[in-house]
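Only one structure is covered here, and it is reproduced in the block below.
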Amino acid sequence: MPTKTTNNMENIIRKYCIIKPHKVIVDGKVEFSDPENTEYGAFMKSIYKHYEVKYPKYFKMDNLCKVAFLASEIILQGNEQIKELDPGKVGVILQNSHSSFDTDSKYNDTIKDKSNYFPSPAVFVYTLPNVMIGEICIRNKFQGENTCFIAKEFDTEFISEYVTGLLDSDKIDACVTGWADYIDGEYCAMMFLVEKSKENIKDNISFKPELLNQLIK
Amino acid sequence: MNKIYTIADNIITSLGFTSQENFSALKAGKSGIAKTSDPKITQAPLQVSQVNSERLNSDFSELGNPEDYTRLEKMMILSINNALAQTEIDPSKEDTLFVFSSVKGNIDLIEDENHPFDKDRINLWAISDSVCNFFNSKVKPIFISNACISGVTAINTGAQYLKNQKYKHVIVCGGDVISEFTPSGFQSFKAVSENPCKPFDANRDGITLGEGVGTIILSTDKNLVKEENPVIFRGGANTNDANHISGPSRTGDGLYYAIRNTLNEAGKSDTMIDYISGHGTATPYNDEMESKAIKWAELDHVPVNSLKSYWGHTLGAAGLIECIAGIHSIKENCLIKTLGYSEHGVSEPINIIKEFKETEVRNFLKTASGFGGSNAAAYFSELNAD
């Protein structure tokens, strides 16, 4: 178990969620799985229904945005206090390995055959990895710092250092942060809701790389 | 607080392979945009700004084997190498961080099924691995892909790592190449101009795409500063419109917040800014939104230009090369005109630069906006200005 902190000056993880084949882990517990729907699209839809997400725009999203979006929805459920903050003070900082390569390939399929050439703006718009951040911002009206970093693997040390820098310099008061990746049917989202700790709560998990590493094991 | 000095820079575009070549062309009002019918890029004739491939390969062959690197990597290595030659910084040392920005990276590989590279080379992190290996850097690089604001975000991110004193020097390098992928996508949006783009003009009808790379070296080491009054990075911020993934905000709120947060961080409380380097993609919506954000920030009196009509929209390079041009505008005390602008075409009366002008320039604000609702701004000034 991660070490708990009682230091009220720290940035804390309010809630975290991991979505990977074929389960949803919330705050360390497997909260949802669906053995009957293990194919990616079906499993995502099953999560969407289970958590009663009501957001028709979800169905337009590409594979990468879907898993990132659902993980963000889950960590924000029960944390309505975030919506009361200044929207300009809530950031979304994510990292990813394969960029939007899944959709890039799909888009490329629409232009490579010159006798069957049908580039679509609805597909093209998802050929950018930071659009997953845009989707989370639009859904929640978050307008703070937002950056999509690329690394081969989730770099917990980098993400915690960067986001801590934004929180400590008062650029933001809260942040949806973590990792989301999709490639060839393989996927993983690890999303954390991080806030400046205002009260001394015994169960607070401080936002530190060594703790992040334990949480995502 | 420690100062963040701009130490060296380089620009590689259709207008040349050094910052000087590029800035001289801007001063002369010369655009690098030309019509192409290259079937590898377009089905129908297209206005585009391209880097000279022959010169790229011949210049690169002095550094390494051109066949071992992708087009973008060659441009990045050449650009960083040229910037480093202006300094005494050893990029292999642990006190130097590399920050990269690119929107589509080695996207030309996706269209060429017979390319000679490993299949992983399509990944953005493979680019930073390849470039860092070339310079023997062992420090884990940072890679940013934030659509059209990537270059400005990369500068802001690099500066944060100098502020917290984790590194002494940061090499920020960003770029993108043109293949069929990006032009066809923007064409499907009906966002590509038939003629070279006309930022802020009444007859603007979309973007012109371009390719290129920019490199800027930032440092907190005063000993590396050669000028008496160097240009320093003062502040920067990113925000999101939270409005639409492919259309900008109607009110300019997100960009206004980015400008406000940037000037706050810079400790700039007045509106005495000598120059705004705008994003100015020349799409109807972007330029209109920008005019609103500039007005909202009470900067409508400040001379503003867009350089997209010289270089095209170079995506991951744009924010970087436009900041570098801003730095040279300060150094050479001049303002570059917005090529293609003749009749005011945005609702706010912002002060678009119509003619090249020699005048004192001591500071500038850079703005950028992009898909995903992202906005960014950065503020630079002379050391002894405000």
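Here, each number is a calculation from the coordinates, and none is a lab measurement. Note that the structure is predicted; figures quoted are calculated from it, not measured. Note: ideal-geometry Cβ built from the backbone for every residue, glycine included; neighbour counts use all protein chains shown.
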Practice problem: Treat the count of other C-beta atoms within 10 Å as a stand-in for reagent exposure and order B:Met75, B:Met1, A:Met61 from fewest to most. | Solution: B:Met1, A:Met61, B:Met75
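With a/c under 1.5 counting as rounded, go ahead and sort the stretch B:286-326 into rounded, prolate or oblate using the C-alpha gyration tensor (a ≥ b ≥ c being the square roots of the eigenvalues; past the cut-off, prolate if a/b is larger than b/c, else oblate). Could the numbers behind the result be given before it?
On the way: a/c = 2.38, a/b = 1.84, b/c = 1.30.
Since a/c reaches 1.5 and a/b is larger than b/c, the shape of the stretch B:286-326 is classed as prolate.
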Practice problem: Enter the angle in degrees (range 0 to 90, nearest 10) between the Cα long axis of helix A:63-76 and the first principal axis of the Cα atoms of chain A, meaning the one along which they spread out most. | Solution: 20
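With 10 angstrom as the radius, rank B:Ser188, B:Ser49, A:Ser115 by how many other C-beta atoms surround their C-beta, starting from the fewest.
On the way: B:Ser188 20, B:Ser49 27, A:Ser115 4.
Going from least to most buried by this count: A:Ser115, B:Ser188, B:Ser49.
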Quiz item: Where is the GNM fluctuation largest for chain A (alpha-carbon springs, 10 angstrom cutoff): A:Phe158, A:Phe43, A:Phe118?
Solution: A:Phe118
Exercise. Please give the helix A:156-168 orientation as an angle from the longest Cα principal axis of chain A, in degrees from 0 to 90, rounded to the nearest 10.
Key: 60
Self-check item: Vicinal HN-Hα couplings computed from phi for the stretch A:136-151 (Karplus, 6.51 cos²θ - 1.76 cosθ + 1.60; Hz; Gly/Pro x)
Solution: 5, 5, 4, 4, 10, 6, 7, 10, x, 3, 8, 9, 10, 9, 10, 8
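Kindly state, to the nearest 0.05, the FRET efficiency for B:Lys40 paired with B:Glu62, given R0 = 22 Å and r defined as their beta-carbon distance. Can you show the working numbers first?
Details: r = 26 Å, r/R0 = 1.19.
My answer for the efficiency is 0.25.
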Quiz item: With point charges of +1 on the Cβ of Lys and Arg and -1 on the Cβ of Asp and Glu, referenced to the Cα centre of the stretch B:218-304, which listed residue (B:Ala297, B:Pro284, B:Phe233) lies farthest in the positive direction of the dipole?
Solution: B:Phe233
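Checking the a/c ratio against 1.5 first, then a/b against b/c, what shape does the Cα gyration tensor give for chain A?
On the way: a/c = 1.92, a/b = 1.62, b/c = 1.19.
Since a/c reaches 1.5 and a/b is larger than b/c, the shape of chain A is classed as prolate.
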Quiz item: What relative contact order, as a whole-number percentage, does chain B give when Cα pairs under 8 Å and 6 or more residues apart are counted?
Solution: 23
Practice problem: Please work out the Cα center distance from the stretch B:206-258 to the stretch B:334-351, rounded to the nearest Å. | Solution: 20
Quiz item: DSSP beta bridges in the stretch A:11-215, what fraction antiparallel, as a percent rounded to 5?
Solution: 70
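Over the stretch B:232-382, what is the relative contact order in percent, taking alpha-carbon pairs closer than 8 angstrom and at least six residues apart?
Numbers: 326 pairs, mean separation 57.4, N = 151.
Once divided by the residue count of the stretch B:232-382, the mean separation gives 38 percent.
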Self-check item: Charge dipole (debye, nearest 20) of the stretch A:11-215; +1 at Cβ of Lys and Arg, -1 at Cβ of Asp and Glu
Solution: 500
Exercise. Run the dipole for the stretch B:232-382 about the Cα centre, Lys and Arg Cβ at +1, Asp and Glu Cβ at -1, nothing else charged, and hand back the magnitude in debye, nearest 20.
Key: 200
Self-check item: Global geometry of the stretch B:232-382, whether rounded, prolate or oblate, following the gyration tensor of its Cα atoms and the 1.5 cut on a/c
Solution: rounded
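Just want to confirm a number: the relative contact order over chain A, from Cα pairs under 8 angstrom separated by 6+ residues, in percent.
Working: 393 pairs, mean separation 78.3, N = 217.
After rounding, I find 36 percent.
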Quiz item: Anyone know which of A:Asn63, A:Asn116, A:Asn11 comes out most mobile in the 10 Å Cα GNM of chain A?
Solution: A:Asn116
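Per DSSP helix of 4 or more residues, -39500 (n - 2.57); summed, then divided by the residues of chain B. What does that give at 222 nm, rounded to the nearest 500? Let's see the in-between values first.
On the way: 11 runs with 114 residues, N = 386.
Here the helix-only value at 222 nm equals -9000 deg cm²/dmol.
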Quiz item: Taking the Cα-to-Cβ direction at B:Lys166 and at A:Lys49 and moving 7 Å from each Cα, how far apart do the two end points lie in nm?
Solution: 4.4
Exercise. Taking only Cα atoms and a 10 Å spring cutoff, compute GNM fluctuations for chain B and point out the largest among B:Phe98, B:Phe356, B:Phe117.
Key: B:Phe117
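On a 30 Å Cα-Cα criterion, which of the cross-link pairs A:Lys152/B:Lys337; A:Lys66/B:Lys119; A:Lys152/B:Lys295; A:Lys20/B:Lys104; B:Lys138/B:Lys163; A:Lys54/A:Lys112 come out too long?
Values: A:Lys152/B:Lys337 42 Å; A:Lys66/B:Lys119 25 Å; A:Lys152/B:Lys295 42 Å; A:Lys20/B:Lys104 26 Å; B:Lys138/B:Lys163 21 Å; A:Lys54/A:Lys112 37 Å.
Listed pairs above 30 Å: A:Lys152/B:Lys337; A:Lys152/B:Lys295; A:Lys54/A:Lys112.
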Quiz item: Measuring from a point 7 Å past the Cα of B:Lys3 along Cα-to-C-beta, which residues in the stretch B:328-349 have an amide N at less than 19 Å?
Solution: B:328-333
